[in-house]
Amino acid sequence: MTERLTHFINGEHHAPANGEYFASTNPTTLDTLYEVARGSAEDVAAAVASADAAFRHRSWAGLTATKRGHLLRRLGDLIGENGPELARYESLDNGKLLREMTGQLKNVPEYLYYYAGLADKVQGSQIPASSLDIINFTMREPLGVVGAITPWNSPLTLTISKLAPALAAGNTLVIKPSEYTSRTILRLAELAVEAGFPAGVVNVVTGYGAEAGAALVDSPELAKISFTGSTGTGSHIASSAASRFIGCTLELGGKSPNIVFGDADIDNAAMGAVAGIFAAAGQTCIAGSRIFAHRSIHDELLEKITHRASTIRIGDPLADDTELGPLAFEDQLNKVKSYVDIGVGEGATLHYGGTRPEGLDLPGYFLSPTVLTGATNDMRVCREEIFGPVAAVIPFDTEEEVLRLANDTDYGLAAGVWTSNLQRAMRMSQSLEAGTVWVNTYRAMSPMSPRQGFKQSGVGVEHGIESMNEYTRLKSVWINTDEGPVADPFVMRG
Ligand code: NAD
């Protein structure tokens, strides 16, 4: 019988209230991996009640900050010990390379260690008030129950980016993972209990976005929603949060420019361009999908990118030497392929790829690395997020022109600049409208470095100290040290 994955609520597994499950498919082999509980509003209500009770009974926020830090560190250790198993599960679920997921799993504990170290540094400050009789100070308090909704492309990394700061600050959590990648998030909740977290601090409800996800967003007890996913879903979630005046952090889509100037190290730039769009089969929010090439090196760069694309080893993501696995699910493959057609229909040239790789003996959702040329920045393939291995290479002549084109987008997640000119690197870093700018590198990330989507790429910050503050509220306390009579009651006091 196919294995069944069930919700994790109040420290234990729970079958779905409606008794329904759906199949999760391996995108490489198309085998059914397991069945997943189809979460409903009833399951979500139980999970939120569990997190709410854990918050109100202070079973988490009532621990000393040092103790919370210890527990987060212990969870990091357990994830590290279970890293190979977790990486394999993620690769089976979403088709990303085992090598890539193994690398991510080595970093996931680092997020927990970083925020474990910050747990006992959540503090307010003393404010110099205008009256000497007043002592005014701030307190940073946890918010309560946080709903975390995450996508399928880097399940544990993106979930830990929310869990670690939220728990360090004293909140409790209900997580709704992507319907395509439930397994490692459920394992995370089990490991939290094994680490010694009180029941109810970390809860997981699996299921579809429109059902379990929407029910979580609409839960009246929620104090905040932290969402990573598409801009369309994010907009929906932001409206719901706004209608109830609760906060939300949104990490959304991108259409990032990767800009190569004529003075760049061309081999490194070509590798950076390949890493930006073909790593993870382009299924990353920070994909450098618009490659701007200075006209003086355009042909040479295109040749190098195309050559590397043509030698990419496509196959089973579990194999050590594979460089490109399948797309994560059938709809995703069809969407990406449709964009290749859209690009060609708009007048771009299919320079390389765009089809199923030849001679592959795996039935999964594969697509060759794809290079479009002759595209212009106003085409849909350059304006809409494709989320697949499809690069558009666009020539430019001047710095002013490329800056205008790079910023001419609804998104603002990341940007890459390849140049050997320091002044130009600084000018570009200042003027690019993106939350992350990489110069002579691409796809670098650390728990210590804040990241934020500009424009339609997001609201709020993840990673760094700033992220933890997003899971707190600030209270200002005024203490009058003067025991004398209160003077004129009809004027405001300072
Ligand atoms: P998605 O928006 O379809 O789904 C994300 C999550 O939201 C899933 O768990 C899904 O079940 C849930 N969901 C869907 N509809 C919902 C609803 N109405 N209410 C509540 N929850 C709902 O995104 P996806 O396809 O899973 O992920 C790919 C997207 O994520 C891309 O746009 C990518 O750029 C973005 N992403 C952003 C970042 C970042 O840090 N900015 C990182 C990774 C991925």
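The values are calculated or read from the model by the stated rules, or taken from the named source; none is laboratory data. Bear in mind that the values here come from a model prediction, so they are computed numbers and not experimental data. So basically every Cβ, Gly included, is an ideal-geometry build from the backbone, and we count neighbours across all protein chains shown. Accessible surface is based on the protein model in full, side chains and every heavy atom, while ligands, DNA and RNA are left aside. Shrake-Rupley method; radii C 1.70, N 1.55, O 1.52, S 1.80 Å.
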- Query: Taking the Cα centre of region 257-439 as origin and charging only Cβ (+1 Lys, Arg; -1 Asp, Glu), how large is the dipole, in debye to the nearest 20?
  - Reply: 140 debye
- Task: In whole angstrom, note down how far apart the Cα centers of region 1-70 and region 354-412 are.
- Result: 37 Å
- Ranked from the most accessible area to the least, with a 1.4 Å probe and all protein chains present, what is the order of ARG290, ARG244? ARG244, ARG290
- Pairs LYS255/LYS337; LYS106/LYS455; LYS96/LYS335; LYS224/LYS337; LYS176/LYS455: which are spaced more than 29 Å apart, C-alpha to C-alpha? LYS106/LYS455; LYS224/LYS337
- Item | For the chain, the Rg and Dmax computed from alpha carbons only, in angstrom | 24.3, 90
- Once the piece of chain linking ASN18 and ASP321 is laid out straight, how much longer is it, given 0.36 nm per residue of separation minus the C-alpha distance between them? 104.7 nm
- Item | Packing rank of 245-256, 154-165, where each peptide gets the mean count of other beta carbons within 10 Å, highest leading | 154-165, 245-256
- Going by average Cβ neighbours within 10 Å, how do the peptides 295-308, 135-148 rank, with the highest at the top? 135-148, 295-308
- The percentage of the accessible area of the chain (probe 1.4 Å, all protein chains present) made up of carbon and sulfur atoms, to the nearest whole number, is 52 percent
- Along each principal axis, Cα extent of region 249-351, largest first, Å: 40, 35, 35
- One finds the C-alpha centres of region 236-283 and region 463-494 to be spaced, in Å, by 39 Å
- Message: Can you tell me the length gained on complete extension of the stretch GLU141 to ARG380, counting 0.36 nm per residue apart and subtracting the Cα distance?
- Response: 81.6 nm
- Query: So if R0 is 56 Å, what FRET efficiency would LYS335 and ASP120 give, r being the distance between their Cβ atoms, rounded to the nearest 0.05?
  - Reply: 0.80
- Note on the structure: If every Lys and Arg gets +1 and every Asp and Glu gets -1 at its Cβ, then about the Cα centre the chain yields a dipole, in debye to the nearest 20, of 820 debye
- Query: Nearest 0.05, what FRET efficiency do ASN421 and ASP133 give at R0 = 56 Å with Cβ-Cβ as r?
  - Reply: 0.45
- Item | Cα gyration tensor shape of region 120-268, rounded if a/c is under 1.5, else prolate or oblate by comparing a/b with b/c | oblate
- Item | DSSP bridge orientation in region 257-439 - percent antiparallel, rounded to nearest 5 | 10 percent
- Query: So for region 434-484, what percent of the C-alpha to C-alpha distances run longer than 17 Å?
  - Reply: 55 percent
- Task: Nearest 5 is fine: what % of DSSP beta bridges in the chain come out antiparallel, could you say?
- Result: 40 percent
- Message: Let me check I've understood the local charge: for ALA287, count other residues with C-beta under 12 angstrom from its C-beta, Lys and Arg +1, Asp and Glu -1. What total comes out?
- Response: +2
- Query: To two decimal places, what compactness ratio does region 32-75 give when its Cα radius of gyration is scaled by 2.2 N^0.38 Å?
  - Reply: 1.65
- Item | Residue (of ILE465, PRO317, LEU302) at the positive-pole extreme of the chain, dipole from beta-carbon charges | ILE465
- Descending principal axes extents, region 31-135, alpha-carbon based, whole Å: 72, 36, 24
- Query: Simple spin-label model, 7 Å along Cα-to-Cβ: LEU474 to ASP77 in nm?
  - Reply: 3.6 nm
- Query: Residue farthest toward the positive end of the dipole of the chain, with Cβ of Lys/Arg at +1 and Asp/Glu at -1: which of TYR411, SER178, LEU222?
  - Reply: LEU222
- Note on the structure: Cα-based Rg and Dmax for region 257-439, in Å, come out at 15.7, 50
- Message: With a 1.4 Å probe and all protein chains left in place, how much accessible area per residue does region 257-439 have, in Å²?
- Response: 39 Å²
- Item | Additional length obtainable on full extension of the chain from ALA210 to PHE245, 0.36 nm per residue less Cα span | 10.5 nm
